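The values are calculated or read from the model by the stated rules, or taken from the named source; none is laboratory data. None of the values given here were measured: they were computed from a predicted structure. Neighbour counts are summed over all protein chains in view; Cβ atoms, including those assigned to glycine, are modelled from backbone coordinates with ideal geometry. Note: accessible area is taken over every heavy atom of the protein model, side chains too, but ligands, DNA and RNA are not part of it. Shrake-Rupley method; radii C 1.70, N 1.55, O 1.52, S 1.80 Å.
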2 protein chains.
Amino acid sequence: MNKMKLLIIFLTIILLLPAGTRIVSAASTAAADEGMWTFDNPPLKQLKERYGFTPTQEWLDHIRLASVRFMDGGSGSFVSSDGLILTNHHVAVGQLQKISTAEKDFVASGFYASTLEEELKSPDLEVNVLVSMDDVTQRVKAAVKPEMSDAEALKARRAERAAIEKESLEKTGLQSDVVSLYHGGEYWLYRYKKYTDVRLVMAPERQAAYFGGDFDNFTYPRYDLDMAFFRAYENGKPVKSDHYLRWNSKGPERGELVFVSGNPGSTDRLYTFARLRNQRDVYYPMILDFIDKYITALREYSQQGKEQTRRALIRIFGLENGKKALTGEYQGLQDPELMSKHKKKEEQFLEKVNSNPEWKSQFGDAWKKTEEAIKKSAARAEQNFYRRLTGSQMAGFAVEIVRFVVEVKKPDGERLPGFHDSELDRLKFFLFSPAPIYKDMEEHLLAASLSWSLDILGPDDEYLQMVLEGRTPAETAAALIKESRLDDATLRKSLVEGGEEAVKKCKDPLIVLARKMDPFTREQEKWNRENIESVLTTAGEKIAQARFAVYGKTTYPDATFTLRLSYGAAVGYPMNGTKAPYKTTLYGLFDRSLSFGAEGDYALPQRFWDRKDRLDLATPANFVSTCDIIGGNSGSPVINKQGEFIGVIFDGNIESLPGRFVFDESKNRAVAVHSAYMMEALRKLYDADRLVEELTR
Amino acid sequence: MNKMKLLIIFLTIILLLPAGTRIVSAASTAAADEGMWTFDNPPLKQLKERYGFTPTQEWLDHIRLASVRFMDGGSGSFVSSDGLILTNHHVAVGQLQKISTAEKDFVASGFYASTLEEELKSPDLEVNVLVSMDDVTQRVKAAVKPEMSDAEALKARRAERAAIEKESLEKTGLQSDVVSLYHGGEYWLYRYKKYTDVRLVMAPERQAAYFGGDFDNFTYPRYDLDMAFFRAYENGKPVKSDHYLRWNSKGPERGELVFVSGNPGSTDRLYTFARLRNQRDVYYPMILDFIDKYITALREYSQQGKEQTRRALIRIFGLENGKKALTGEYQGLQDPELMSKHKKKEEQFLEKVNSNPEWKSQFGDAWKKTEEAIKKSAARAEQNFYRRLTGSQMAGFAVEIVRFVVEVKKPDGERLPGFHDSELDRLKFFLFSPAPIYKDMEEHLLAASLSWSLDILGPDDEYLQMVLEGRTPAETAAALIKESRLDDATLRKSLVEGGEEAVKKCKDPLIVLARKMDPFTREQEKWNRENIESVLTTAGEKIAQARFAVYGKTTYPDATFTLRLSYGAAVGYPMNGTKAPYKTTLYGLFDRSLSFGAEGDYALPQRFWDRKDRLDLATPANFVSTCDIIGGNSGSPVINKQGEFIGVIFDGNIESLPGRFVFDESKNRAVAVHSAYMMEALRKLYDADRLVEELTR
């Protein structure tokens, strides 16, 4: 059940790794400046026809190798030959939070290492560079035999994907992921150079980076200095590479062709209509309700004091961000025009499929099968969703550890997803993270989430009875969290390394509970795999093949948090009765701050006032382009034809949110920090001479 | 047929008197900060309950006597004891255009009289001050006898209104207008002190006043210096009065209670649902189509050269302004929620009326009668609309002159509306205006409008055959305009003064045509009066009485371009995914200019760049409030509780446009120039020391 999977990934990210999950915004026969193109299939035709530009293979390779994926949910790029990486402050904020304490709050006060030695190691940041892409579609598909049921086919496909990944890892030592594109239309082996020694170099104050707060989030005109610098290290030394983007403070002219290279998280543009309708009627109402409850619980916790406010701040930020994104998407789904457009497109597609007898017999049943599976999953959606322990990282660790020790004993191809050999390093990096865990917050949130489950599932629910054992949610959470020592990374490590034996003997209440729950959860997951996911996967492959048969490979796949190239022009758009300019200036920053009394979300760090007269206020602050992006693209470089760095993506406008389903060039815009603002700020506000020298040498 | 009447007034204003007709935006049981209240019935209850403020009668009288109505479509206020009047640049622009030439373009370059002697007389500006209000409802209603038909009742009512006006004029010498409020629910005699020697004192460049052009028109955040100063003279000397508003450059705090005193043009909030639906289905599509054609014709004319561009500029401005306003209103009508809200309100009202047998028999048939009349009028709407000579002021003069000489010979009570004794001064002032007329533009526009009539009515139309006489529209326009001398005010005067005899002998082709058309037009108007207007008037009175019976006089009447008091708070609002601040600053002016390359509609006068460093950029530029306004309110003062001047209304936000039908406090905002910006500009940009001294002494 693919969507649930994505949902869980989404929740995992925002709930457990509240870092950098700012969701910004990114069709079947692509027109206009649309598309998140894979680097194997760049939009050469469109670029030539619309902009008279043809990138060379060398250009494409250089951009790809200068692009960085942040595993906690964002993008970035190398901007010097010494491994300097630029991303958004809101991508970095998870690490900033993890190195902060009550006494030293880097989120609030920012950070600058004036020497290499002062650069600060991130506790659990992994970044990736995509070094190769190989089409393995034939091999994955060959693993599925005609006589197999959907469930057997799913198993076989997974085993084959794991085998390919394992072979590649052993052969190259590189992180190797088999990626499903076009919902199973193609399978590609992506190999990544992985960096886990990534050190913080510079971040401005959150007030400068996130100026305007949740109000201005996903809107434009904007004036945010949403940047942060890291440096990748290998063997204790800065990484050296020629594949970095040269800095250009001029930024784009109005109308100039620009590119974005980054990792859009997910889109639903190739969904069937039945699936889209399910998103509207089942998924979005459920998740939006959940987020509201979650924000309320965090606000309650915040009210306990200043330090609690600090601890909860970026989780609230992540949830508010998610809420605003999902609300905009939900509004898109409620727009009858968007829905009927999508439906019409599907009808035209189906008509073509059905008009060819061969296509009809090969692919024709896929839509109906999808609809049936979606219907089945919808009936269990709330149950599945609320039969999980949410809100507590420690509980999440317990569940993973209990499974880890069992799964790794199985042959690689038979393991649950997430526990294949090729994935273990990443999982361990996550499980053994030394980042601080706040037990009082854990307890508060676990109690809250158990009470929501109780509301939804009722006291007779089998799962809840297992967890609560007759206690109230608050008693349960207190008993589980207070007694647990899973906030200690060394304990987690010793359990993983001690294997099944150690876990069996462990009396930690969260481990005990996780062991008790495990068979139940496995059963539930099995049902989902056999009844939903396997059907959707088979049907998805058929629909993808049908699309290739009817339209050829003229389009791009839905986003999968893998590297994509978008292109577009730096142009404004019609907005709220007038038009939005393609860029803003620093004059506007001070205007907006003063317009709101320079307080709350519109307060600026004191240095902005103290040094205002040093600044050239005509300096461009932010700018927009028609580049097609979505959440995950945060931190992506904006690049000109010369391959130079001219800005960093940090948001989409409010009009871009329905872009999850349909791209609308007339008003969908990607919002970026202008390179000139970053340089002006580094020079005149932050005295970051070392960094300026490195960026401009 | 009331709407057609308003429409024709609207067109007369924008087509013949293109000045100051910027339409900015303004329910049956008023809640929130809603309402355009007459000064005899101020919202004391609401002010006390919401703001704890009770204005004294003295306060109300002072505000009223400091308020000014601009007869060419706007409002203003006295701001010194020497007759200094402040209004908007866009209210003044008609007069600015009329005193401009190819060599000296005051619209573009602005104007400042550094001495009293340099103040420049406006060619045809009339301003009014409302000095008294008397309820004459009983007298007007008593003129209608039960046995009269609707048509007879209309005649009797009109005759009585004219008699009241005439008596008052003779007794007091004051301009005396009987105003119908609540669509005939009440009749009031309004007496005005009238000034026709009104001299221009100061106006900034159009680029500063109308910064952002049609794009930013009806939107916010804004940064416009939309102000102009006139001075009222009597007997060649500045008018002295204690009733002026003291200047306060501090403006409003966030959330502060503020007032607007001005003359909203028209609203349709008390319309029946059937009538509203007719607006949506018949009126708006027709008028929007017409405006489009008109703008196209003016653009064609502009392309002939620089001087033509200058001549057409403010007409295009007026039409674009009207188009944007009407488009916003039309969108409101197309909003199913707005319509169903309106319908529900009517249903509740009707239910109450029908539940009382007496009310039911007295008023119950009014809604059906209205619907039937509206249906009849809709069937003839296009025909009526296109059987007129539009686009040419000279043709308009001809039609009025031909009627004038006939009507004035009748007893006052029997004349057509517009020709009563109490109205003749105003009509003559208009007919004898020395303002320049551009014959090449007249010809171009008349030819265009005849061709539209030909498209709509077809060549067999009786009216068109009379006008065209077998010629093409272009030939007809050429023959009529080239040979006519009606561009000369002395000829117009001699015809009016020469009476029927002089007009009969006159060979001017436009006069000849107007005489030929007159019987036809009279017949058409008679049909409208007897079939539509009389029915609507009787029904309107009934509905108004029913409203008073059911709800009492708890509400305000629809706008009628008479003096009203609005109140509200200076607060921002949710906008396009974020929020708009209650005020902007001069920082924002430079931001928006530079964001668009400081060119086109976003260019600023050179003095803004030259003197930028003298300005305190933190000075508030514009601000919004929840005050309920609409077109006609342009130039209205914004006033604080102390009765001080703190800003001048110049626009409504885009969200306010459906306010013609329903007021929505959550997002309907009135946009004003902040008093601080005006003072800063007068001091530091315009060196207007004399004016500053007068305003601050």
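Scan region B:516-530 and report the pairs whose first residue is closer than 17 Å to B:Pro417 by Cβ and whose second residue is of a type in the set (Val, Ile, Thr) and part of a helix (DSSP H, G or I), with Cβ atoms within less than 6 Å and a gap of 6+ or a chain change.
Taking only residues 6 or more apart or on different chains, the pairs are B:Asp518/B:Val402.
Out of (1) of a type in the set (S, T, N, Q); (2) surrounded by fewer than 23 Cβ atoms within 10 Å (Cβ to Cβ); (3) over 23 Å from A:Ser67 (Cα atoms), what's the single condition that is false for A:Ser656?
(2)
If you check B:Gly647, B:Gly643, which single one turns out to be open to solvent by less than 20 Å² (accessible area, probe 1.4 Å), part of a loop (DSSP other than H, G, I, E, B) and not aliphatic (A, V, I, L, M)? Quick ask: steps written out before the conclusion?
Values: B:Gly647 fails: part of a loop (DSSP other than H, G, I, E, B).
B:Gly643 is the lone residue from the list that is open to solvent by less than 20 Å² (accessible area, probe 1.4 Å), part of a loop (DSSP other than H, G, I, E, B) and not aliphatic (A, V, I, L, M).
Restricting the search to region A:389-443, which residues are polar (S, T, N, Q) and within 30 Å of A:Thr309 (Cα to Cα)?
If we filter region A:389-443 for residues that are polar (S, T, N, Q), which is where we start, we get A:390, A:392-393, A:422, A:433.
If the condition is that a residue be polar (S, T, N, Q) and within 30 Å of A:Thr309 (Cα to Cα), then A:Thr390, A:Ser392, A:Gln393, A:Ser433 are the ones that fit.
Does A:Val198 meet the test of being away from chain B (no Cβ under 14 Å), assigned to a strand (DSSP E or B), surrounded by fewer than 22 Cβ atoms within 10 Å (Cβ to Cβ) and hydrophobic (A, V, I, L, M, F, W, C)?
Numbers: away from chain B (no Cβ under 14 Å): yes; assigned to a strand (DSSP E or B): yes; surrounded by fewer than 22 Cβ atoms within 10 Å (Cβ to Cβ): no; hydrophobic (A, V, I, L, M, F, W, C): yes.
Against the criterion (away from chain B (no Cβ under 14 Å), assigned to a strand (DSSP E or B), surrounded by fewer than 22 Cβ atoms within 10 Å (Cβ to Cβ) and hydrophobic (A, V, I, L, M, F, W, C)), A:Val198 does not qualify.
Where residues in region B:662-673 are surrounded by 24 or more Cβ atoms within 10 Å (Cβ to Cβ) and not small (Gly, Ala, Ser), which of them is nearest to the chain's Cα centre (by Cα)? Reasoning before the result, please.
So the first thing to find is which residues in region B:662-673 are surrounded by 24 or more Cβ atoms within 10 Å (Cβ to Cβ), and the list is B:663, B:668-673.
Next cut, not small (Gly, Ala, Ser) only: B:663, B:668-669, B:671, B:673.
Working: B:Phe663: 19, B:Asn668: 19, B:Arg669: 19, B:Val671: 17, B:Val673: 19 Å.
By that ranking, first place goes to B:Val671.
For the structure I just gave you, tell me whether A:Thr578 is in contact with an Asp or Glu (Cβ under 7 Å, 6 or more places away or on another chain) and either among the acidic types (Asp, Glu) or open to solvent by 10 Å² or more (accessible area, probe 1.4 Å) (or both).
Against the criterion (in contact with an Asp or Glu (Cβ under 7 Å, 6 or more places away or on another chain) and either among the acidic types (Asp, Glu) or open to solvent by 10 Å² or more (accessible area, probe 1.4 Å) (or both)), A:Thr578 qualifies.
Taking the conditions exactly as written (part of a strand (DSSP E or B), open to solvent by 10 Å² or more (accessible area, probe 1.4 Å) and more than 14 Å from chain B (Cβ to nearest Cβ)), does A:Arg191 satisfy them or not? First the steps, then the outcome.
Details: part of a strand (DSSP E or B): yes; open to solvent by 10 Å² or more (accessible area, probe 1.4 Å): yes; more than 14 Å from chain B (Cβ to nearest Cβ): yes.
So A:Arg191 passes the test.
Looking at region A:614-628, which of the residues that are open to solvent by less than 10 Å² (accessible area, probe 1.4 Å) and away from chain B (no Cβ under 14 Å) is farthest from A:Tyr573 (Cα to Cα)?
A:Asp628
Mind listing just one residue for me: the one in region B:220-247 that is of a type in the set (Asp, Glu) and closer than 25 Å to B:Tyr677 by Cβ and, of those, surrounded by the most Cβ atoms within 10 Å (Cβ to Cβ)? Give the steps one after another, and end with the answer.
We begin by selecting, within region B:220-247, every residue of a type in the set (Asp, Glu); these are B:224, B:226, B:234, B:242.
When the remaining residues are screened for being closer than 25 Å to B:Tyr677 by Cβ, the result is B:224, B:226.
On the way: B:Asp224: 26, B:Asp226: 30.
Applying the filter and picking the extreme gives B:Asp226.
Each row is one residue, and each column tells you yes or no for (1) among the hydrophobic types (A, V, I, L, M, F, W, C); (2) closer than 20 Å to B:Ser595 by Cα.
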{"position": "A:Ile646", "(1), (2)": "yes, yes"}
{"position": "A:Val662", "(1), (2)": "yes, no"}
{"position": "A:Val673", "(1), (2)": "yes, yes"}
{"position": "A:Met678", "(1), (2)": "yes, yes"}
{"position": "A:Leu685", "(1), (2)": "yes, no"}
{"position": "A:Val692", "(1), (2)": "yes, no"}
{"position": "A:Thr696", "(1), (2)": "no, no"}
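Across region A:202-219, what is the number of residues that are open to solvent by less than 10 Å² (accessible area, probe 1.4 Å) and at the interface with chain B (Cβ under 9 Å from one of its Cβ atoms)?
Matching residues across region A:202-219 total 5.
One line per residue, one yes/no per condition, for (1) within 22 Å of B:Phe218 (Cα to Cα); (2) open to solvent by less than 50 Å² (accessible area, probe 1.4 Å); (3) in a helix (DSSP H, G or I); (4) not hydroxyl-bearing (Ser, Thr, Tyr):
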site	(1), (2), (3), (4)
B:Leu288	yes, yes, yes, yes
B:Thr296	yes, no, yes, no
B:Gln304	no, no, no, yes
B:Glu307	no, yes, yes, yes
B:Arg310	no, yes, yes, yes
B:Ile316	yes, yes, yes, yes
B:Leu319	yes, yes, yes, yes
B:Gly322	yes, yes, yes, yes
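Only one of (1) open to solvent by 30 Å² or more (accessible area, probe 1.4 Å); (2) among the aromatic types (Phe, Trp, Tyr); (3) away from every other protein chain (no Cβ under 12 Å) fails for B:Trp609. Which number is that?
(3)
Checking B:Phe419 against (1) open to solvent by 50 Å² or more (accessible area, probe 1.4 Å); (2) assigned to a loop (DSSP other than H, G, I, E, B); (3) of a type in the set (Phe, Trp, Tyr), only one condition comes out false. Which one?
(1)
Looking at A:Gly652, A:Gly631, can you tell me which residue is within 14 Å of chain B (Cβ to nearest Cβ) and over 18 Å from A:Tyr587 (Cβ atoms)? Break it down into steps so the answer makes sense when it comes.
Values: A:Gly631 fails: within 14 Å of chain B (Cβ to nearest Cβ).
Unique residue meeting the criteria: A:Gly652.
Criterion first (in a loop (DSSP other than H, G, I, E, B) and of a type in the set (A, V, I, L, M)) does B:Leu270 satisfy it? Steps first, answer last, please.
Values: in a loop (DSSP other than H, G, I, E, B): yes; of a type in the set (A, V, I, L, M): yes.
Yes.
Would you check if A:His62 is open to solvent by less than 10 Å² (accessible area, probe 1.4 Å), out of contact with any strand residue (DSSP E or B) (no Cβ under 6 Å at 6 or more places or on another chain) and either at pLDDT below 95 or at negative phi (or both)? Step through it out loud before you land on a result.
Values: open to solvent by less than 10 Å² (accessible area, probe 1.4 Å): no; out of contact with any strand residue (DSSP E or B) (no Cβ under 6 Å at 6 or more places or on another chain): yes; either at pLDDT below 95 or at negative phi (or both): yes.
No, not satisfied.
For B:Asp214, all conditions in the list (1) under 15 Å from A:Ala580 (Cα atoms); (2) part of a loop (DSSP other than H, G, I, E, B) hold save one; what is the number of the exception?
Exception for B:Asp214: condition (2).
May I ask you to list the residues in region A:592-603 that are open to solvent by 10 Å² or more (accessible area, probe 1.4 Å) and within 12 Å of chain B (Cβ to nearest Cβ)? Working first, answer last.
Residues of region A:592-603 open to solvent by 10 Å² or more (accessible area, probe 1.4 Å): A:592, A:594, A:596-601, A:603.
Scanning region A:592-603 gives A:Arg592, A:Leu594, A:Phe596, A:Gly597, A:Ala598, A:Glu599, A:Gly600, A:Asp601.
Consider B:Glu372 against the criteria (1) open to solvent by less than 30 Å² (accessible area, probe 1.4 Å); (2) under 26 Å from B:Glu523 (Cα atoms): it satisfies all of them except one. Which criterion is unmet?
Only one criterion is unmet by B:Glu372, namely (1).
Yes or no: region B:186-204 includes at least one residue that is among the aliphatic types (A, V, I, L, M), over 30 Å from B:Val79 (Cβ atoms) and under 26 Å from the mean Cα position of the chain (by Cα).
Let us first name the residues in region B:186-204 that are among the aliphatic types (A, V, I, L, M), namely B:189, B:198, B:200-203.
Pick out the ones that are also over 30 Å from B:Val79 (Cβ atoms) and you get none.
Within region B:186-204, none of the residues are among the aliphatic types (A, V, I, L, M), over 30 Å from B:Val79 (Cβ atoms) and under 26 Å from the mean Cα position of the chain (by Cα).
Is there a residue in region B:144-160 that is away from chain A (no Cβ under 14 Å) and closer than 20 Å to B:Ser636 by Cβ? Break it down into steps so the answer makes sense when it comes.
Just the residues of region B:144-160 that are away from chain A (no Cβ under 14 Å), to begin with: B:144-160.
Next, from what is left, pick out any that are closer than 20 Å to B:Ser636 by Cβ: none.
No, region B:144-160 has no match at all.
Of all the residues that make up region A:572-591, how many are more than 7 Å from chain B (Cβ to nearest Cβ) and over 20 Å from A:Gly647 (Cβ atoms)?
Restricting attention to region A:572-591, the residues satisfying the condition of being more than 7 Å from chain B (Cβ to nearest Cβ) are A:572-574, A:580, A:582, A:586, A:589.
When the remaining residues are screened for being over 20 Å from A:Gly647 (Cβ atoms), the result is A:574.
Selection size over region A:572-591: 1.
Here are the criteria: (1) surrounded by fewer than 24 Cβ atoms within 10 Å (Cβ to Cβ); (2) aliphatic (A, V, I, L, M); (3) within 14 Å of chain A (Cβ to nearest Cβ). Tell me which single one B:Ala569 does not satisfy.
So the condition that B:Ala569 fails would be (3).
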